[in-house]
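Below is one structure; the comments refer to it alone.
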Amino acid sequence: MARAQGIRPSQFITTYGPGALLEGVGGPRVVMSLDKSNLFQTLGVEQFEIVEPALHQILGGTSRFFRMPTNADLGRPETDAIYETNTFPKWSLCVRHGLIYRHSYGARRACPDCPAQASPRDAHTRARLEAISLVMACPQGHLFDVDWLRLVHKKDSPCQADHLLWVSRGSSLRRVEIRCRLCQAYTNLGEHYLKEHLCKGFFAEGRDHETCPCKAKIVQRGAANLFTPESLSSITVPRVSTPLMRALRHTALVNLLSLISAPAQLRQLAQTAQGLPHEFRELLASASDEELATAVEQAQQQSTELTPAQARQIEFRELQAAVQHGLKFQSPNSPAWAASEFEVDPALSRTLSFPPFQLRVTPILRLRVVTAQTGYRRLGGRLVSAAYAYANSSWYPAVELLGEGIFIDFAQPPAFAETSAWQWWTKHHNDTDLPHHKPSFVWWHTLAHRLIRALAIHSGYSSASVRERIYEEGMLLYAVQPGGDGTLGGLIAMVERFESILREAVGYLDNCSNDPFCAQTPRHPGEMLASGPACYACSLLSETSCEHRNSSLDRILLLDSLQED
């Protein structure tokens, strides 16, 4: 058995997850789907629920969220593997003898031409370390082994070979020949690498087999597009921060709100709702009919399904209202209401001159971010859901992080210069269905990248630790981490010296070490990923910081909108 590999819960959501390939100490393995993971044998998924109504509004239906349990949660030693993975790919390549083979369980040989190992386990370990680097995948999300024997032999071939020769005459795949040393049949690997093949409809992560009309391709198992996780995140900014509203946010009641028409009905449901904390039951029982009716009406308004763009716009308006009026929201998980989920003091806001604009910069003293993995894509194809079906609900893996941030918006309505860059983005991407391609969004997104680079120099955080949340009319830069303490204030301390940080962010905007190539990069329209003049030398960030995969950036658009001091 392979040794357990440690992964943080946040890594599972943002980087790995069901269907991901892990390059472990015992060779490559695939992360099994949640229903095949054996993760909830001891405790049910409801024991790890994360309540976040905003994400529920986006995904709708029976969506619920859970945090990934740790070894400590399950009462298991840290060295135990609590999440099931499986060996993949099954085929191996012995470079010493140039043989493609599939190890038989229990055999003491890995490669047929290599000496026998001391034990079958040693042979298995050797075969896993020699796992071949090529697999088969299709845009429908299927992932399976290359059928190497079928690749070489015809369909009706009587050859009984169980391994093949890998004959390499150069460094490229087109110089590689796969040959059978029994019947001497052969084929060129480079030709098959470029071809499309019939898809078998298999999921290496254990999902049910399905008929697939798409064509599959041979792909390097380390290719970035072989597994691209998709996630949704939400900033917890409560619209009404009364204790009653906090009680109605609990999942035990939020899915029943549409059934409530009278205060008495709410009290009755609260007494029978499973999982509702005792403090909430007492609160709902003691509230007046008028208080309950008002809270239910407000909560029902918040339970309607939203698109991600609509939810993002509502979130921005809530942030603006919180910055203007102040807000301190307490966690429903604490009976003493001692732990704050969101806190902002409008007295700490600053208005800065950023010619020709006036920016309002506000420290967010404490915030809560919930990120859920909704699924993944292979080769840029369909979204394969990551949900775990249990108790008539679709449970999505999520992570809850606490931290701090800096909210930046306009102090006065802006007047953007209609430059050629602005007109290009307006012409090609001014589509209400793609708000992240509008020129105002690109402006804020590019400024955010420049600010994160500047903050990394002064705040003590690396650029990979500061994250962005971009809106059409503003941005939130934040740093979060798991645990109840959050971060230590290194980011919000930068508000006092934000003038100099702004100057640094745009001070060399007209220069890039890759100029003139960067500045003259043709703008590229795209449905998902659109790009303008921007490169790693001047604008791009790591994947942990940018939620838009370094698309929708244009430093020339930002540069042309600013005035000289």
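Side notes on the structure shown:
- Filtered by the rule that a residue be surrounded by 14 or more Cβ atoms within 10 Å (Cβ to Cβ) and either more than 20 Å from A421 (Cα to Cα) or of a type in the set (D, E) (or both), the range 511-541 gives D515, L541.
- Some residue of the range 112-125 being under 27 Å from K200 (Cβ atoms) and assigned to a strand (DSSP E or B): no
- For T446, the test of being hydroxyl-bearing (S, T, Y) and over 23 Å from the mean Cα position of the chain (by Cα) is failed.
- The C-beta contact set for the range 65-81 (first residue of a type in the set (G, A, S), second residue surrounded by 15 or more Cβ atoms within 10 Å (Cβ to Cβ) and outside any strand (DSSP E or B), distance under 7 angstrom, 6+ apart or interchain) comprises A81/A4.
- Qualifying residue in the range 459-473 (condition: in contact (Cβ under 8 Å) with a residue 24 or more places away in the chain, of a type in the set (S, T, Y), loosely packed, with under 15 Cβ neighbours inside 10 Å and at negative phi): no
- Qualifying residue in the range 186-208 (condition: in a strand (DSSP E or B), crowded, with 19+ Cβ neighbours inside 10 Å and under 23 Å from the mean Cα position of the chain (by Cα)): yes
- Close contacts from the range 410-424, counting a first residue that is farther than 12 Å from I556 by Cα and in the same structural domain as R555 (by TED's automatic domain parsing) and a second that is of a type in the set (V, I, T) and outside any loop (DSSP other than H, G, I, E, B), with Cβ to Cβ under 8 Å and a gap of 6+ residues or different chains, come to A411/T351.
- Test: residue in the range 374-386 that is in contact with a Gly (Cβ under 8 Å, 6 or more places away or on another chain), over 30 Å from C212 (Cβ atoms) and among the charged types (D, E, K, R): no
- Given (1) in contact with a strand residue (DSSP E or B) (Cβ under 8 Å, 6 or more places away or on another chain); (2) within 27 Å of V25 (Cα to Cα); (3) among the hydroxyl-bearing types (S, T, Y), index of the condition S104 fails: (1)
- No other residue among V254, V296 is surrounded by 18 or more Cβ atoms within 10 Å (Cβ to Cβ) and either modelled with pLDDT of 75 or more or of a type outside the set (A, V, I, L, M) (or both) apart from V296.
- Contacts under 6 angstrom Cβ, first residue in the range 525-537 being at pLDDT 85 or above, partner hydrophobic (A, V, I, L, M, F, W, C), 6 or more apart: P533/C518; P533/A519; P533/I556; A534/L553; C535/C518; A537/C512
Residues checked against (1) touching a Phe, Trp or Tyr at 6+ places or on another chain (Cβ under 7 Å); (2) farther than 24 Å from I406 by Cβ; (3) part of a loop (DSSP other than H, G, I, E, B):
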position	(1), (2), (3)
E504	no, no, no
P522	no, yes, yes
L540	no, no, yes
C546	no, no, yes
L558	yes, no, no
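- Within the range 1-51, if we keep just the residues that are basic (K, R) and closer than 11 Å to Y83 by Cβ, the residue that is surrounded by the most Cβ atoms within 10 Å (Cβ to Cβ) turns out to be R29.
- Screening the range 349-434 for strands (runs of 3 or more DSSP E) wholly inside it with 2 or more residues that are in contact with a Pro (Cβ under 8 Å, 6 or more places away or on another chain) and over 24 Å from S37 (Cβ atoms) returns the ranges 357-377, 393-410.
- Condition broken by G405, with the remaining ones in (1) modelled with pLDDT of 90 or more; (2) over 21 Å from the mean Cα position of the chain (by Cα) satisfied: (2)
- Taking the criterion of being more than 26 Å from G507 (Cβ to Cβ), within 30 Å of the chain's Cα centre (by Cα) and either buried (at least 19 other Cβ atoms within 10 Å of the Cβ) or modelled with pLDDT of 90 or more (or both), the residues of the range 340-363 that qualify are E341, F342, V344.
- Index of the failed condition, S10 passing every other in (1) in contact with a strand residue (DSSP E or B) (Cβ under 8 Å, 6 or more places away or on another chain); (2) assigned to a helix (DSSP H, G or I); (3) more than 29 Å from A223 (Cα to Cα): (3)
- Here the range 115-151 is the region considered, the condition is being among the hydrophobic types (A, V, I, L, M, F, W, C) and over 39 Å from the mean Cα position of the chain (by Cα), and the residue that is farthest from C183 (Cα to Cα) is A118.
The values are calculated or read from the model by the stated rules, or taken from the named source; none is laboratory data. Here the structure is a predicted model, which means the values were calculated and not measured. All Cβ positions, even for glycine, are placed from backbone atoms using ideal geometry, and neighbour counts span all protein chains on display.
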